[in-house]
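Okay, structure first, notes after.
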């Protein structure tokens, strides 16, 4: 009886086809995860930019007089009604944002002469994305001094 020895270097065509089929099934299972991650990344990027715009706008204001109002016109933060300033638009980084500002007198304990301002920015391209920055503004007079 004569035995033949085959040269067993490499893979057969069947083995390659089976491994490619398994690889294709694995890739198809993970593709939706990558597309969903890309969508979430875009949404989070828009939210981050809108929040950054709110902080850029808030950084421009230090005193209540910068908003062209006086503290006596404002409701207290402890009341349910807050004062809302007229909307305005601001262009930051080539994008236009609508800015809403809610303000109220912040008086608690020993704190006086502060105004709480909440800046809310909305991107015109994606109005469902809002950015919020909270800041305390000074009234301008502390202990009778300007």
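When 91, 98 are checked against the criterion of being touching a strand residue (DSSP E or B) at 6+ places or on another chain (Cβ under 6 Å) and either at pLDDT 90 or above or closer than 22 Å to residue 56 by Cβ (or both), a single residue qualifies: 98. Restricting attention to region 59-69, the residues that are closer than 15 Å to residue 112 by Cβ and loosely packed, with under 14 Cβ neighbours inside 10 Å total 1.
Being within 27 Å of the chain's Cα centre (by Cα), assigned to a loop (DSSP other than H, G, I, E, B) and modelled with pLDDT of 85 or more is a property that holds for residue 86.
Per-residue answers, yes or no, for (1) surrounded by 13 or more Cβ atoms within 10 Å (Cβ to Cβ); (2) assigned to a strand (DSSP E or B):
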position: 78; (1), (2): no, no
position: 91; (1), (2): no, yes
position: 99; (1), (2): yes, yes
position: 103; (1), (2): yes, yes
position: 113; (1), (2): yes, yes
position: 119; (1), (2): yes, yes
position: 125; (1), (2): no, no
position: 132; (1), (2): yes, yes
position: 137; (1), (2): yes, yes
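Residue count for region 60-82, restricted to those that are under 16 Å from residue 134 (Cα atoms) and in contact (Cβ under 8 Å) with a residue 40 or more places away in the chain: 6. Scanning region 101-116 for residues that are farther than 28 Å from residue 127 by Cα and modelled with pLDDT of 80 or more yields 105, 106, 114.
The values are calculated or read from the model by the stated rules, or taken from the named source; none is laboratory data. As the structure is a computational prediction, the values presented were derived from the model and not from experiment. Heads up, the Cβs are rebuilt from the backbone with ideal geometry, glycines too, and the neighbour counts pull from every protein chain shown.
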